[in-house]
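Enquirer: Okay, handing you the structure first.
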Amino acid sequence: MHNAQEFRDDADGVPVRGYLHTPSAPGGNCLVLTHGAGANCDSPLLVALADAFCAIDVTVLRCDLPFRQLRPHGPPPRGSAERDQQGLRAAVTSMRRQVPGRLFLGGHSYGGRQASMLCAAEPEISDALLLLSYPLHPPQRRTELRTGHFPSLNTPALFVHGMRDGFGSIEELAAAMQLIPTKTELLPIVGAGHELMTKKNRDELSKIVVKAFQSFTSGTVA
């Protein structure tokens, strides 16, 4: 692991809690990365990605959403989405004070959904989105699509999705992405489910995602 230090701040009265990965030669850009509904910022996927982005000189804050700060286990309670988006906004505000370059928002599942909803409402929040396992619909409930904000999303978004994800097939997600009026790209991960990381891809996944995001952001992410 690179130089990851515990990070605590309060931006606009909202607590920001997590770990800051600072590269030895910061490139000026930053990624704020957050977790899914059943995890926290210490999930193996987030740690691996934070290290991989840090290796290309991107500063990374992997942070706990407000619901996770309040309860160590369990899913977010009903009505927590707005507060969790405020938490992401506060994390962005905190990082903009420290990093001069572009700022990207990323999240796994629920965290990515909240990041995309925040960007749909406030396009200036982030320069691009990294959406890991976007939860397109609840498992087995394909008609309950979580795409209401997609037509308002004007932040370029890279979707990274397992080909065995029960929250949406590759085909379903590709169709839903047509609703987004800005640049999007889909990176399918063979053999992966909703967690994305498997025993087989553990060593390579983060490198694949970083390379794809570099390319997606015109090769100037670092």
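The values are calculated or read from the model by the stated rules, or taken from the named source; none is laboratory data. All of these numbers come straight from a predicted model, not from anything done at the bench. In this analysis, Cβ positions are derived from the backbone assuming ideal geometry, glycine residues included, and neighbour counts consider all displayed protein chains.
Enquirer: From the residues in segment 50-92 that are of a type in the set (Val, Ile, Thr) and within 15 Å of the chain's Cα centre (by Cα), which one is surrounded by the most Cβ atoms within 10 Å (Cβ to Cβ)?
Expert: Val60
Enquirer: Select from segment 110-132 the residues that are touching a Phe, Trp or Tyr at 6+ places or on another chain (Cβ under 7 Å) and small (Gly, Ala, Ser) and list them in ascending order.
Expert: Gly112, Ser126, Ala128
Enquirer: Looking only at segment 142-169, which residues are farther than 12 Å from Ser116 by Cα and in contact with a Leu (Cβ under 7 Å, 6 or more places away or on another chain)?
Expert: Leu145, Val160, His161, Gly162, Phe167, Gly168
Enquirer: Confirm whether Pro100 is of a type outside the set (Lys, Arg), at pLDDT below 95, in a loop (DSSP other than H, G, I, E, B) and out of contact with any helix residue (DSSP H, G or I) (no Cβ under 9 Å at 6 or more places or on another chain).
Expert: Taking the combined requirement at face value, the residue satisfies it.
Enquirer: Which one is farthest from Thr93 (Cα to Cα) among residues in segment 128-144 that are more than 13 Å from the chain's Cα centre (by Cα) and surrounded by 16 or more Cβ atoms within 10 Å (Cβ to Cβ)?
Expert: Per the criteria, the residue is His137.
Enquirer: Considering only strands (runs of 3 or more DSSP E) fully contained in segment 128-222, which possess at least 2 residues that are within 16 Å of Leu31 (Cβ to Cβ) and touching a residue at least 40 places away in the same chain (Cβ under 8 Å)?
Expert: 128-132, 157-162
Enquirer: Additional query: Taking segment 23-49 on its own, how many of its residues are at pLDDT 95 or above, in contact with a strand residue (DSSP E or B) (Cβ under 6 Å, 6 or more places away or on another chain) and either surrounded by fewer than 20 Cβ atoms within 10 Å (Cβ to Cβ) or in a loop (DSSP other than H, G, I, E, B) (or both)?
Expert: Looking only at that region, the number is 4.
Enquirer: Find the residue count for segment 168-222, including only residues that are surrounded by fewer than 16 Cβ atoms within 10 Å (Cβ to Cβ) and of a type in the set (Val, Ile, Thr).
Expert: Total satisfying the criteria: 5.
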